[in-house]
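The values are calculated or read from the model by the stated rules, or taken from the named source; none is laboratory data. The model shown is predicted, which means the values in this text are computed figures rather than measured ones. Cβ placement follows ideal geometry from the backbone for every residue including glycine, while neighbour counts extend to all protein chains displayed. SASA here: full protein model, heavy atoms, side chains in, ligands and nucleic acids out. Shrake-Rupley method; radii C 1.70, N 1.55, O 1.52, S 1.80 Å.
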Protein chains: 2
Amino acid sequence: MSKLSMYPISLDGQSVEQKRQEIKAYFNNTFDLFEKIFELLKDESVFYKKSEPTRHPMIFYFGHTATFFINKLINMKIIKERINPSFESIFAVGVDEMSWDDMNERNYEWPKVAEVREYRNSVRELVNELIMTLDFSLPIEQTSPMWIILMGIEHERIHIETSLVLHRQMPIEFIKEVAVFNICEHTAKSPKNEMVSIKAEQVKLGKEHSHHLYGWDNEYGEYSENVADFEVSKYLVSNGEYMEFVKDGGYEKLEYWDEEGAAFLKRSGAKYPHFWVEEDGKFRYRALSRIIDMPEDWPVDVNALEAEAFCRYKSKKDGVEYKLPSEAEYRVIYNHAKLEDVPKLHESRANINFYHYASSCPVNEFGFNGIYDVIGNVWQWSRTPIRGFKGFEVHEAYDDFSTPTFDEKHALILGASWASSGNLIMKHSRYAFRKHFFQNAGFRYVISKNENASEDIYESDALVSQYCEFQYGDEHFGVENFAKSCVALANRYAINKSKALDLGCATGRATFELAKTFEQVEGIDFSVRFVQVGSKLKDEGYVAFSDRLEGDLSQNKKVTIEELGYEKLRDRVSFWQGDACNLKPNFRGYDLIMATNLIDRLYNPKLFLESVHERLNDDGILILTSPYTWQESSTKKEFWLGGYEDENGKEVRTLESLKAILANNFELLGVEDLEFVIKETARKYQHTISQVTVWKKR
Amino acid sequence: MSKLSMYPISLDGQSVEQKRQEIKAYFNNTFDLFEKIFELLKDESVFYKKSEPTRHPMIFYFGHTATFFINKLINMKIIKERINPSFESIFAVGVDEMSWDDMNERNYEWPKVAEVREYRNSVRELVNELIMTLDFSLPIEQTSPMWIILMGIEHERIHIETSLVLHRQMPIEFIKEVAVFNICEHTAKSPKNEMVSIKAEQVKLGKEHSHHLYGWDNEYGEYSENVADFEVSKYLVSNGEYMEFVKDGGYEKLEYWDEEGAAFLKRSGAKYPHFWVEEDGKFRYRALSRIIDMPEDWPVDVNALEAEAFCRYKSKKDGVEYKLPSEAEYRVIYNHAKLEDVPKLHESRANINFYHYASSCPVNEFGFNGIYDVIGNVWQWSRTPIRGFKGFEVHEAYDDFSTPTFDEKHALILGASWASSGNLIMKHSRYAFRKHFFQNAGFRYVISKNENASEDIYESDALVSQYCEFQYGDEHFGVENFAKSCVALANRYAINKSKALDLGCATGRATFELAKTFEQVEGIDFSVRFVQVGSKLKDEGYVAFSDRLEGDLSQNKKVTIEELGYEKLRDRVSFWQGDACNLKPNFRGYDLIMATNLIDRLYNPKLFLESVHERLNDDGILILTSPYTWQESSTKKEFWLGGYEDENGKEVRTLESLKAILANNFELLGVEDLEFVIKETARKYQHTISQVTVWKKR
């Protein structure tokens, strides 16, 4: 099957033209492979079924990986024209279970499979053309437009793996066999597991920016840890080994489960692993496209909560503490196994990249210096919640790839699976999931004295922290909190007060403030980095951030929902991720739309302004505030609403353009100035006078 | 002689290693050639002689091109250690006649030639090592560290040409023959000049950033002009053609000279061209290393004032208006001549790059489609003062390469000479000199209706303009002018008031304010971009800048010395270029040193603070103001004075470090806060609270 999936390409090389060819081949291989896995769905009706109630139907994923390319290319101003605005909004968000992803099916009208197929073809054509024409140099760096293409490719590679999990969760009658996805045919009794001693080592995690393979933001930076001696299980825990725990009623004994685990048991009613099938008293096994007799010597597929429960069970039984390995311990194991990074590691040496099977295989088939499946077969859960390394920086094109998972609730999975390819099988890649998620994942255990790094609830993202301080921090130079003054002003003008939209809500202060007078308030921001702050305030009752003092020094600040007096408003506010220039159709019916400091940050403000009236009720009020700080980095000059001279040399000012664009659908009620101050350090501030314009829908 | 000078290298290519070899060869060829021309100086004593009273002695130039590499590499933080701080300060400034260049010989103690030779060898060694080790990719872009190496090379190529002019201005007995620099041997009667018609053309000047040859800041950007039909002289004006003007007493008739020209005649007492030698009633000709009989058919070497005077003379004589070509007209001529850019243009086709001679040659020797010496032989003066093209941006490593010449007093010279190489012979390169300067330059004339672009006195440099508005513009948010409040504070503390230093003077407002109470005030800034503003206020009596409104829109502002009430202070202030971390020894003897918002912009603030007391008189006062905005772009983290945690995790604050560093030599008199506001646009401001610390010398 080696032909099925290519190995990732290198970022450097000597010839740009040759690199175009490599990227082109890699892109089309990825696009093909992704479409190939949807052949597993028995018929088109299955595209509209969900494998998990909390997830979108399969059609979403089929469209999603293609729209991703377009949304990023638009966002990075590499292309100017969308291919299908409607597709590119409905297929845009809702991949994971995030509270700001809109999963309400009433808000979606899914298109036909044929339409999505056609759409995918147009995207493929465009991307292929860009690969051949984009201006870039070698090595390809994060600032290169070609990086965005690679980002789209690796993003799709992730969905190849996760979609296969969803397929596998589908009732078997919805899935058909596809020749290339062959299930491993051999199995035996599970080998007896044993512990292997690993020597202490100081490991450095984190990847150099000069590394020759594509990386996601969370891989870069520095982290080093002194890992003491520990022992690790020789094999992944097999179905046979896990069976004992199930037979001993492990799923009934709450002592083995923590709070999150207990909640999972309650919610799911699970009595045994998700991919086990009970048939008249005995367990069989659900492979991707087939139910087979229990392969005892294959790794068990469980989520992190089940893996932790097993460790507690085994610890009690043996009187030794077993736990899941930490990220740092795993690197020590990796080094002990003398593994090289791809592409030096030939795919034939592990159960990865679809090379051998489209399934797991025996836990004693692929060994590395005495430890088996250090990479491949199934992912292995760690006990380490994902965090950014020192020097972590988001990539501007995908600033919410990682940060939403830096919530101490997402555990790293290590080592990749049979369905992993591309960036997923690299030494430095880091993927994390909620502990109740199912992946092609199992676990191995360690006996270890190594401590876990303690959790840090404070926002480490400098820009988000700066905005938290702006919205939840102190007042400076006697200028009142901007979110509050905007809302006070809004209340002066609003006619009806049932539903409001805080568009470009950032960290959500104004969303909550509006909820004091509006029954329902939706906060939308383009970036989940910001949305998650308001969302956290709603769900967990606090905002925590670092307030910069001098240089790199900062102090931690925490504000609770009680201090803010918002406890009773929780149910009135909701936060969503969205693109103001391409909002989903369901965001409508508002009495007030407030867009603070938004228009001069949009890639195409006119697009937003020309249609915003459709989302307002009669007598609806639109409030715009902006200092009109036009800059190429946010808005290409051709899309500026002001601050330039037209072809006749006439000065164009933003206010005049607003009047011209909004004239047909709005009446201008008022224009005023409103100051705000953003703190950069204890001594440096941005002091801005935004212009507020208030518009009533005609 | 083709071996003597290599052709410039391309910025792109396929192999980094091969490019290293090319750069290495090009660098050493440049360094060699530069040292070769100093063999023309008869003996070492000549190194200490000046060819022009307004210039440094030759030893300065001998050291200057080497120190340039080090100063730029330090400034760009590519290296951390200086090779010889003293050399790198005395050889740093004073190349051109700029009012802010310190030309007072009492302030210099020139080292021995052998010492400078040894120093040059160490620099050569270091640069060769950097060329082989610096991390860079192809094409080499302006942000690449390798660009700084190329900058040093092209800078030295400029000095190869300008130093040869200085050599030629030396009394002949100081110069000896050097075989490789051979003088052209043939001459004849000068050919009769005639006019050639050139067709109208719309020309676009300015170079793309993607261009494959190194460029200086002033070459990039956009400019287009519709050039109407015009006529141009077939030949450069020869000594023979110019003779007529001299014989007719052209140098005595003021009608032919403008104000600047008249001043030149008065100052120089010139009666004929500078390189003509009168021997018993007849003129001979000074070549580089020999005085020869007048070569009538060689181009006359004159400055722009003489060239303009000739045009007025000839216009009157023929009753047609002749003038010097404009930059745009020259491009039309260039195109008419079907000239290619280097390296396509083979050096054998023109008198350039030392290929044929180390002298001029007959004006009818190298023709291009009917026009002669379009490139090569001698530079030709234009009537166009150099300005930045649309989109002009300084390079951060050399932000004052061009901007000081954007003063409407520097005229572009076109077409290169026999001594031009490297960037000097490129189609897009742009060099300008004061009109009274001598170069290997002559002229040709045109008959043309094309207008000259009108002069723009307003500062086009966005950052400098922003600072002008900060120092000379309006007050905002009720915060008083910062320069004024700093000086008010200084006057409160100062004990003696004879001499003050405004270090980091920027656009010079505080320098003038201090002069109200101090008899003598020196303003020093690292960047001539800023120094020239205060200097202009002193010399021309006004400051003119653009005040940004919204986006790209701005309004022009002009403030006169009368409005400011500084007329009587002119003689008390002087402005100089200098590096606070490596100040020249003569800057001492101050009663007050005021450094406003300086320390957090220095590459090594400790270096400055540890020695500043040596420059103060007894009872001298040091005033530091800063918001402590430490940033890697200005100061590598290891040199920060605060804003970080030390190896023990202890927070280090700037104020504490200042106390520690200054404790031995200063007593801390006071600490206060002082606000300032910098306007970015009509609606966006930086509002900062700087900390002022006042120190009295122990």
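Details
- Rounded, prolate or oblate (a/c below 1.5 giving rounded, otherwise prolate when a/b exceeds b/c) for region B:1-79 by Cα gyration tensor: oblate
- Each residue of region B:459-476 was assigned a 3J(HN,Hα) from its phi angle through the Karplus expression (A = 6.51, B = -1.76, C = 1.60, θ = phi - 60°), giving 4, 9, 7, 4, 5, 5, 4, 4, 6, 4, 4, 5, 8, 10, x, 7, 8, 10 Hz with x at Gly and Pro.
- Averaged over the residues of B:541-552, the number of partner chain Cβ atoms lying within 10 Å of the residue Cβ comes to 4.
- Estimated from the Cβ-Cβ distance and a Förster radius of 35 angstrom, the FRET efficiency linking A:S634 and A:S498 is about 0.60.
- Using a cut-off of 30 Å between Cα atoms, the listed pairs A:K584/A:K659; A:K636/B:K637; B:K247/B:K435; B:K516/B:K696; A:K606/B:K204 include A:K636/B:K637; A:K606/B:K204 as exceeding that distance.
- Look at where the Cα atoms of region A:630-690 and of region B:316-336 average out, and the two centres are 46 Å apart.
- Region B:507-560: equivalent-ellipsoid semi-axes (sqrt of 5 x gyration tensor eigenvalues, Cα, Å): 25, 12, 10
- Residue by residue, region B:70-79 carries 3J(HN,Hα) couplings of 5, 4, 6, 5, 5, 4, 8, 6, 7, 10 Hz when phi is fed to the Karplus relation 6.51 cos²θ - 1.76 cosθ + 1.60 (θ = phi - 60°); x denotes Gly or Pro.
- Partnerless cysteines, meaning none of the other Cys C-beta atoms lie under 4.7 Å away, in chain A: A:C311, A:C468, A:C486, A:C505, A:C581
- Formal net charge of residues neighbouring B:M294 (Cβ-Cβ distance under 9 Å; K, R +1; D, E -1): 0
- Kirkwood hydrodynamic radius of region B:321-390, Cα pairs, Å: 13.4 Å
- Stokes-Einstein diffusion coefficient of the protein assembly as shown, Kirkwood radius over Cα pairs, 10 °C, 1.306 mPa s, in µm²/s: 44 µm²/s
- Sum of side-chain charges, B:E638 neighbourhood, beta-carbon under 11 Å (Lys, Arg +1; Asp, Glu -1): +4
- Label geometry 7 Å along the beta-carbon vector: A:G319 inter-copy distances in nm: 12.6
- Cβ-placed point charges (K, R +1; D, E -1), dipole of the protein assembly as shown about Cα centre in debye, nearest 20: 660 debye
- Measuring nothing but alpha carbons in region B:247-333 and taking Rh as the Kirkwood radius, the Rg to Rh ratio lands at 1.00.
- Taken along the Cα-to-beta-carbon direction at a fixed 7 Å, the label points for B:Q18 and B:D248 span 5.8 nm.
- Per-residue SASA entry for A:F136, accessible area with 1.4 Å probe, Å² rounded to 10: 20 Å²
- Axis-nearest residue in chain A [Cβ, rotation onto B], distance in whole Å: A:H687, 2
- FRET E, pair B:A488, B:I78, Förster distance 56 Å, beta-carbon r, rounded to 0.05: 0.85
- Using a probe of 1.4 angstrom and keeping all protein chains present, the accessible surface of region B:302-412 works out to 31 square angstrom per residue.
- Per residue of peptide B:674-684, the mean number of Cβ atoms on other chains within 10 Å of the residue Cβ is 4.
- Using the average count of surrounding beta-carbon atoms within 10 Å as a protection proxy, the listed peptides B:476-484, A:412-420 rank, highest first, as A:412-420, B:476-484.
- Cα-based values for region B:241-385, radius of gyration first and Dmax second, are 16.5, 47 Å.
- Ligands, DNA and RNA left out, the accessible area of chain B computed with a 1.4 Å probe is 48% carbon and sulfur.
- Cross-link table A:K50/A:K538; A:K266/A:K317; B:K538/B:K568, entries beyond 19 Å C-alpha to C-alpha: A:K50/A:K538; A:K266/A:K317
- The antiparallel fraction among DSSP beta bridges confined to chain A stands at about 75%.
- Translational D in µm²/s for region B:449-607 (Stokes-Einstein at 37 °C, 0.692 mPa s, Kirkwood Rh from C-alpha pairs): 199 µm²/s
- Placing a label point 7 Å from Cα along the Cα-to-Cβ direction at B:K49 gives distances to the equivalent points in the other copies of 10.0 nm, listed shortest first.
- Taking amide hydrogens as placed 1.01 Å from N in the peptide plane, the amide H of A:L205 sits under 5 Å from those of A:Y223, A:S224, A:E225, each at least 5 positions away in sequence or on another chain.
- Length gained on full extension, A:E278 to A:K516: 80.4 nm, using 0.36 nm per residue less the C-alpha separation.
- Spatially proximal lysines relative to B:K24 (Cα-Cα < 20 Å; intrachain offsets below 8 disregarded): B:K3, B:K36, B:K72
- Length gained on full extension, A:K659 to A:E109: 194.5 nm, using 0.36 nm per residue less the C-alpha separation.
- The modelled label-to-label distance for the pair A:E340/A:S460, using points 7 Å beyond Cα in the direction of Cβ, is 3.2 nm.
- Against the compact-protein benchmark of 2.2 N^0.38 Å, the Cα-based radius of gyration of chain A scales to 1.00.
- Computed log₁₀ I(q)/I(0) - Debye formula, equal Cα scatterers, no solvent, region A:161-206, q 0.25, 0.33 Å⁻¹: -1.03, -1.24
- Debye log10 I(q)/I(0) for region B:622-691, one point scatterer per Cα, at q = 0.11, 0.27, 0.28 Å⁻¹: -0.37, -1.26, -1.28
- When each of the peptides B:292-300, A:639-647 is scored by the mean number of other C-beta atoms lying within 10 Å of its residues, the order from highest to lowest reads B:292-300, A:639-647.
- For A:I198, the residues whose amide H sits under 5 Å from its own are A:F230, A:E231, A:V232, ignoring neighbours fewer than 5 places away on the same chain, with H placed 1.01 Å from N.
- Degrees between helix B:113-133 axis and first principal axis of chain B (Cα, 0 to 90, nearest 10): 80 degrees
- Counting DSSP beta bridges with both ends in region B:342-461, the antiparallel % (nearest 5): 85 percent
- Whole-Hz Karplus values for region A:267-280 come out as 5, 8, x, 4, 10, 6, x, 4, 9, 8, 10, 8, 10, 5 Hz, taken residue by residue from phi with 6.51 cos²θ - 1.76 cosθ + 1.60 and θ = phi - 60°; glycine and proline positions read x.
- Helix A:16-37 axis, angle to chain A major axis (alpha carbon atoms, nearest 10°): 70 degrees
- Buried area at the A:B interface is about 3200 square angstrom, summed over both chains, from accessible surfaces computed with a 1.4 angstrom probe.
- Against chain B, whose longest principal axis is taken from its Cα atoms, helix B:304-318 shows a tilt of about 40°.
- Across region B:162-308, the fraction of Cα-Cα pairs farther apart than 27 Å, rounded to a whole number, is 45%.
- Pairwise Cα inverse-distance average, inverted: Kirkwood Rh of region B:343-460 (Å): 15.7 Å
- Shielding of A:639-649 by partner chains, average beta-carbon count, 10 Å: 2
- Across the identical copies, the 7 Å label point of B:K659, projected outward along Cα→Cβ, sits 5.8 nm from its counterparts, in ascending order.
- Here each label is just a point 7 Å from Cα along the line to Cβ, and for A:H212 and B:H209 those points are 2.9 nm apart.
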